[in-house]
Amino acid sequence: MGNLLKVLTREIENYPHFFLDFENAQPTDGEREVWNQISAVLQDSESMLADLQAYKGAGQEIRDAIQNPNDIQLQEKAWNSVCPLVVRLKRFYEFSLRLEKALQSLLESLTCPPYTPTQHLEREQALAKEFAEILHFTLRFDELKMRNPAIQNDFSYYRRTISRNRINNMHLDIENEVNNEMANRMSLFYAEATPMLKTLSNATTYFVSENKTLPIENTTDCLSTMASVCKVMLETPEYRSRFTSEETLMFCMRVMVGVIILYDHVHPVGAFSKTSKIDMKGCIKVLKEQPPDTVEGLLNALRFTTKHLNDESTSKQIRAMLQ
């Protein structure tokens, strides 16, 4: 029994574990400048989610217009329904660019020498919390987007109609708002199943490639530490009891899954290999212990948006856990 306890203790010690105060962390003077910059971006995140949740699409108007190509009134009705939606989609896309810059500022702060990523996260909890909030927003945004096929349909209709009108030499006011170049970039963004997550993983990969003097481990260790801390907080009753809100548990789970996916995209061999610094079995186990309807979206994110799950180096046990 004593030996087993030693092994278990050693296993926990292999992964960083401390309490990260997602509810009340306040910035120190050293964090404040970056914290203010990120806060200015994050203050719009809830309205973006509310806007996306309320997005109904112009499916009926588009169907009517396509079925009655010679009815000018129906063509106009569809067009007038789609244009404001495209302006809204542009706003979401532009927010992703702001989020990209915010993430890169945070990574700079949380990975720079002389401190290790673990020391950064422990000392700069307000920045760690903002990093967590970006991931939390990202997973919620992508969950809503995946459940809303109207977005792709509306934007496809918009592109087709714009092209047709360009052939007929018609100039449309909306082109001042969403020109051809912007429409191309938006099209690539919305073609992704999880566009915000793709934006973050691209931003993280770009950060690593641009900062050649910074070892890649500084970035991947920052991500793996965050995943470990979330897992430990979720599975340790003493830590869990310090959360004042049930919502913080869900927040913690989303953040854990978000950093695992980022790690898997940025790390050369990914999150699922034996050499990974993330305890994937432990993380999946924690998710599986929750009510299925609350975590199905998160398990799906691990199944379908990671890069290395189906590699030969991934153990059969981990694959079976995600079946």
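The values are calculated or read from the model by the stated rules, or taken from the named source; none is laboratory data. Predicted, not measured: the structure shown is a model, and the values here were computed from it. Positions of Cβ are generated from backbone atoms using ideal geometry, with glycine treated the same way; all protein chains shown enter the neighbour counts. Just so you know, the surface numbers come from the protein's heavy atoms only, side chains and all, with ligands and any DNA or RNA stripped out. Shrake-Rupley method; radii C 1.70, N 1.55, O 1.52, S 1.80 Å.
Segment Asn310..Glu217, full-extension length gain: 31.2 nm, with 0.36 nm per residue of separation and the alpha-carbon distance subtracted. Taking all protein chains together and a 1.4 Å probe, the residues Arg254, Arg159 rank Arg159, Arg254 from largest to smallest accessible area.
The alpha-carbon atoms of the stretch 74-144 define a convex hull whose volume equals 79 cubic angstrom per residue. Screening the chain for whole DSSP H helices of 27 Å or more along their axis (Cα) with average Kyte-Doolittle hydropathy at least -0.5 returns 72-111, 125-146, 216-235, 246-266. Label-to-label distance, Ser156 versus Ser47, with points set 7 angstrom from Cα along the beta-carbon direction: 3.2 nm.
Its relative contact order, with pairs defined as Cα atoms under 8 Å and 6+ residues apart, puts the chain at 21 percent. Among Leu127, Leu214, Leu262, the largest mean-square fluctuation in a Gaussian network model of the chain, built with springs joining Cα atoms closer than 10 Å, belongs to Leu214. Ligands, DNA and RNA aside, Glu181 has an accessible area near 120 Å² when probed at 1.4 Å. Counted over all Cα-Cα pairs of the chain, pairs farther apart than 33 Å make up 33 percent. Working ranking of peptides 272-280, 64-72 by packing, defined as the average number of other Cβ atoms within 10 Å per residue, highest first, is 272-280, 64-72. Simple spin-label estimate for Lys285 and Lys101 gives 4.4 nm between the two label positions (7 Å along the Cα-to-Cβ direction from each Cα). Between Thr275, Ala320, Asn179, the Cα set farthest toward the positive side of the dipole of the chain (charges on each charged residue's Cβ, about the Cα centre) is that of Ala320.
Listed by chain and number, the lysines whose alpha-carbon sits under 22 Å from that of Lys101, ignoring those within fewer than 8 places in the same chain, are Lys90, Lys129, Lys145, Lys198, Lys212. Peptide packing for 294-300, 24-30 was compared via the average number of neighbouring C-beta atoms within 10 Å per residue; ordered from the highest value, the list is 294-300, 24-30. Here r is the Cβ-Cβ distance between Asn184 and Thr116 and R0 is 35 Å; the resulting FRET efficiency, rounded to 0.05, is 0.25.
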